[in-house]
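Input: a single structure, listed below in structure tokens.
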Amino acid sequence: MKRILVTGGAGFIGSNFTRYFLNKYRDCEVINLNKLTYAGNIDNIRDLLEDKRHRFVKGSINDEKLLQQLFNDKIDYIVNFAAESHVDRSIEDSLIFTKTNIVGTHTLLEVARKHGIEKFIQVSTDEVYGSLGRDGLFTENSNINPSNPYSASKAGADLLCLSYYKTYKFPVIITRSCNNYGPYQFPEKLIPLMTIKAIKGEKLPIYGNGQNIREWIYVFDHCRAIDMVIDRGKIGEIYNISTGEEESNINIVKEILRLLNKSEDQIEFVSDRRGHDFRYALDNTKILKEIGWKPIYNLKDGLNETVKWYEKNQNWWNKLID
Ligand code: NAD
């Protein structure tokens, strides 16, 4: 039986991953550690609370004592999702990003190193590479060049992870994914925010001219990729996780409005985000070839599923908006 510590497992990707993992493996135990910040929500994992293989622990990756206690039982894998994750918030108030994303990850690395584990997966982001022009893709060998306090804090955590591999041969693997979307995403991120505003008949505020480009992955595909990296990933390596499906923010929003039969008159352009990166796009050759992963969902189908989920689960997001 494998025991896995999932941090941030009541957030968006972490809750999807916890559900995915428990469904896929009968013989496993998930310890789900979450601080329950504004972005942690017990409703995201309510269906998993009765499952004896799932143990929810309210607490922080910064709490060394608590982490030591969790290691009283042998832990085989750690997947570190816990983070402050919203760029806009990092522009307004960034210190907590350093505390959680850098110091928290460092604390977790240190406790795990002392106890010994099989694999530590650091869930990172394409944003650490910085911005691209119209052409080109970032590979795992590209320089990191983050633009905002969020991406800088994630880059800092990545460097600590790599240093633990080089210094201690600590079994860490870094995954860098493009933009996720899907069920249970907190309604401050583009797709849930715009979907909810569209459903409510409100204005949809789009930064700048809406031409900024992101690459999109359905959260379920990201969870599958992480699971495969746990299984087949090489220690000390970085794996980009991406789909090749690039789209501008304005086209994403227009598609959401189309799916909901709403008018594009709801769109409203607002002043641009400070330091707004123009384009992120990843080369995913390594994960395709070395891990054998490829996405199942295309953007059209994934977005359709997602919009339907937010239409159906208004109780879930109404509570958060209140
Ligand atoms: P999220 O904000 O929905 O979830 C993060 C979770 O971490 C929250 O539930 C929060 O309560 C928890 N948390 C915060 N501080 C904590 C602490 N000190 N200890 C324990 N838990 C803490 O974010 P998400 O979108 O699910 O992202 C998860 C991870 O994936 C993050 O590390 C993020 O950088 C990375 N990532 C996200 C995306 C994306 O598009 N959402 C893309 C690439 C990488």
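Quick check: from the Cα gyration tensor, does the range 208-309 come out rounded (a/c under 1.5), prolate or oblate? Oblate.
Model label sites at Y25 and D47, defined 7 Å from Cα along the beta-carbon direction, differ in position by 2.1 nm. Placing a label point 7 Å from the Cα of I321 along the Cα-to-Cβ direction, the residues of the range 27-44 with a backbone N closer than 20 Å are 38-44. Summarising the amide proton neighbourhood of I217: residues at separation of 5 or more, or on other chains, whose placed amide H is nearer than 5 Å comprise N179, N180, Y181. Note on the range 1-64: dipole from Cβ charges, positive end direction compared against G40, M1, G14; the farthest Cα belongs to M1. Can you tell me the 0 to 90 degree angle between the C-alpha axis of helix 190-200 and the longest principal axis of the chain, rounded to 10? Once rounded, one gets 50 degrees.
Only protein heavy atoms count here; on that basis, with a 1.4 Å probe, D88 has an accessible area of about 40 Å². Put a dot 7 Å past the Cα of T139, heading toward its Cβ, do the same for E202, and the two dots end up 4.4 nm apart. Overall form of the chain: prolate. Here a/c, set by the Cα gyration tensor axes a ≥ b ≥ c, is 1.5 or more, and a/b is the larger of a/b and b/c.
Suppose we look only past 16 Å in the calculated P(r) of the range 178-255. What percent of the Cα-Cα pairs does that tail hold? That fraction is 59 percent. Here the dipole of the chain is about 760 debye; that uses its Cα centre as origin and unit charges on the Cβ of Lys and Arg (positive) and Asp and Glu (negative).
Cα centroids of the range 154-168 and the range 1-56: 25 Å apart.
Length available on full extension from N72 to R55: 0.36 nm per residue minus the Cα-Cα distance, which gives 4.7 nm.
The lysine pair count for the range 1-93, using Cα distances under 18 Å and pairs eight or more places apart or on different chains, is 8.
Rounded to the nearest 10 degrees, the angle from helix 105-115 to the longest Cα principal axis of the chain is 30 degrees. Around the amide H of L33, modelled in the peptide plane, lie the amide H atoms of V6, T7, G8, G9, V57, all under 5 Å away and 5 or more residues distant in sequence or on another chain. Placing dummy labels 7 Å off each Cα toward the beta-carbon, the span from Q314 to I296 is 3.0 nm.
As an exercise, use a Förster radius of 45 Å and the Cβ-Cβ distance of T285 and R258 to find the FRET efficiency, rounded to the nearest 0.05. The value I calculate is 0.85.
Between the range 204-266 and the range 91-122, how far is it from one alpha carbon centroid to the other, in angstrom? Taking the Cα centre of the range 91-122 as reference, the centre of the range 204-266 is 25 Å away.
The helix-only estimate of mean residue ellipticity at 222 nm for the chain, built from DSSP H runs of length n ≥ 4 each weighted as -39500 (n - 2.57), is -11000 deg cm²/dmol after division by the residue total.
The values are calculated or read from the model by the stated rules, or taken from the named source; none is laboratory data. Just so it is clear, the model here is predicted, and its values are computed rather than measured. Please note: Cβ atoms are built from the backbone with ideal geometry, for glycine as well, and neighbour counts cover all protein chains shown. Just so you know, the surface numbers come from the protein's heavy atoms only, side chains and all, with ligands and any DNA or RNA stripped out. Shrake-Rupley method; radii C 1.70, N 1.55, O 1.52, S 1.80 Å.
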